[in-house]
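Beneath this line is the structure, given in structure tokens, with notes to follow.
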Amino acid sequence: MKIQIAPSILSADFGHLADEIKRAEAAGVDGFHLDIMDGHFVPNLTMGPMVCQTVRKLTKLPLDAHLMIDNPDLYIDSFAKAGADLITLHLESYHSGDKLSSALKRIKSLNKKTGICINPGTSEKKLEPFLAEADEVLFMSVNPGFSGQSFMPEVLPKITAIRKIYKGDIRVDGGINDKTVKQVIEAGANILVTASYFFGAKDYSAAVQQLLR
Ligand code: DX5
Ligand code: ZN
């Protein structure tokens, strides 16, 4: 599988968002990751559909909305309308499997791709009932909430286990940099999210090269 890089705009300079996106595109990134946080599901507040809509106008590359929120069902339609191409739901946001399944069906009915995500502390076995309905699995390799945290190697065997039984995209999010990337790819991931490593780099093309090396 081709390795793809999706910078999280969480660490971009929001005063110059249009420039940041242009520079990232010129560096050869494959899409943009939007970290949606509500201050309840995670202890941080970030952006909503309005920012997604803004980014939509700035790029044609795929946008994935990573919903770290309570009651994600209330916002699926808004993010679809705001131009997200893929909407990722946390397993931990749902108290019943049926509700998660219905939400995935709703995303599909809006002609968007579906993602399911688990926190570092959640067993990958819990993903299994939903794999057939998901275009992508997203593994958190930090506890969600903030960029700039250290990669948690505990996620590696979970990625390996799911890669054995799953043919879709596997994305990894948290603490990805030139040192941690190799093990993540070896474990079977094919899409890398990066916030602080990418947007902290002076030269975005060099950052992409380092990750793909
Ligand atoms: C964490 C977010 C990540 C995070 C990644 O809650 O989901 O996307 O911003 O940041 P880095 O790459 O700095 O670990
Ligand atoms: Zn994320």
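The values are calculated or read from the model by the stated rules, or taken from the named source; none is laboratory data. What you see is a predicted model, and the numbers here were worked out from it, not measured in a lab. Because the Cβ atoms are built from the backbone with ideal geometry, glycine has one as well, and the counts that use them run over all protein chains shown.
Which one of these is within 16 Å of ligand 2 (Cβ to nearest atom), in contact with a Gly (Cβ under 7 Å, 6 or more places away or on another chain), under 24 Å from Met140 (Cα atoms) and not in a loop (DSSP other than H, G, I, E, B): Asp64, Asp35?
Asp64
On the basis of being more than 16 Å from ligand 2 (Cβ to nearest atom), closer than 19 Å to Asp203 by Cβ and touching a helix residue (DSSP H, G or I) at 6+ places or on another chain (Cβ under 6 Å), does Ile76 make the cut?
Considered against the rule, which asks whether it is more than 16 Å from ligand 2 (Cβ to nearest atom), closer than 19 Å to Asp203 by Cβ and touching a helix residue (DSSP H, G or I) at 6+ places or on another chain (Cβ under 6 Å), Ile76 comes out as no.
Could you list all residues from the stretch 38-50 that are more than 14 Å from ligand 2 (Cβ to nearest atom) and either of a type in the set (A, V, I, L, M) or not in a helix (DSSP H, G or I) (or both)?
Matches in the stretch 38-50: Gly39, His40, Pro43, Leu45, Gly48, Met50.
Give the residues of the stretch 33-63 that are more than 18 Å from Ser93 (Cα to Cα), buried (at least 20 other Cβ atoms within 10 Å of the Cβ) and among the hydrophobic types (A, V, I, L, M, F, W, C), sorted by residue number.
Cys52, Val55, Leu63
Per-residue answers, yes or no, for (1) at pLDDT 95 or above; (2) farther than 26 Å from Asp203 by Cα; (3) within 14 Å of ligand 1 (Cβ to nearest atom):
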| residue | (1), (2), (3) |
| --- | --- |
| Arg23 | yes, no, no |
| Gly31 | yes, no, yes |
| Asn44 | yes, yes, yes |
| Ala65 | yes, no, yes |
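Considering the stretch 60-89 alone, what residues qualify as being of a type in the set (Lys, Arg) and in contact (Cβ under 8 Å) with a residue 12 or more places away in the chain?
The answer is Lys81, and nothing else.
Could you check the stretch 182-205 and list, in sequence order, the residues that are within 16 Å of ligand 2 (Cβ to nearest atom) and hydrophobic (A, V, I, L, M, F, W, C)?
Result: Val184, Ala189, Ile191, Leu192, Val193, Ala195, Phe198, Phe199.
Condition (residue is in contact with a Phe, Trp or Tyr (Cβ under 8 Å, 6 or more places away or on another chain) and away from ligand 2 (no atom under 16 Å from the Cβ)) applied to the stretch 163-171: is it met by at least one residue?
No, that holds for no residue.
Taking Asp30, is it surrounded by 18 or more Cβ atoms within 10 Å (Cβ to Cβ) and touching a strand residue (DSSP E or B) at 6+ places or on another chain (Cβ under 7 Å)?
no
Yes or no: the stretch 91-103 includes at least one residue that is within 19 Å of Asp173 (Cα to Cα), touching a residue at least 60 places away in the same chain (Cβ under 8 Å) and either in a strand (DSSP E or B) or touching a strand residue (DSSP E or B) at 6+ places or on another chain (Cβ under 6 Å) (or both).
The answer is no; no qualifying residue exists.
Name the residues in the stretch 189-204 that are surrounded by fewer than 17 Cβ atoms within 10 Å (Cβ to Cβ) and within 12 Å of ligand 1 (Cβ to nearest atom), would you?
Scanning the stretch 189-204 gives a single hit, Gly200.
Which condition number does Glu186 fail, the rest of (1) of a type in the set (Asp, Glu); (2) loosely packed, with under 14 Cβ neighbours inside 10 Å; (3) in contact (Cβ under 8 Å) with a residue 40 or more places away in the chain being met?
With respect to (1) of a type in the set (Asp, Glu); (2) loosely packed, with under 14 Cβ neighbours inside 10 Å; (3) in contact (Cβ under 8 Å) with a residue 40 or more places away in the chain, Glu186 is out only on (3).
Considering only the stretch 86-93, I want to know if a residue exists there that is among the charged types (D, E, K, R), at pLDDT 95 or above, out of contact with any Pro (no Cβ under 6 Å at 6 or more places or on another chain) and surrounded by fewer than 16 Cβ atoms within 10 Å (Cβ to Cβ).
No, the stretch 86-93 has no match at all.
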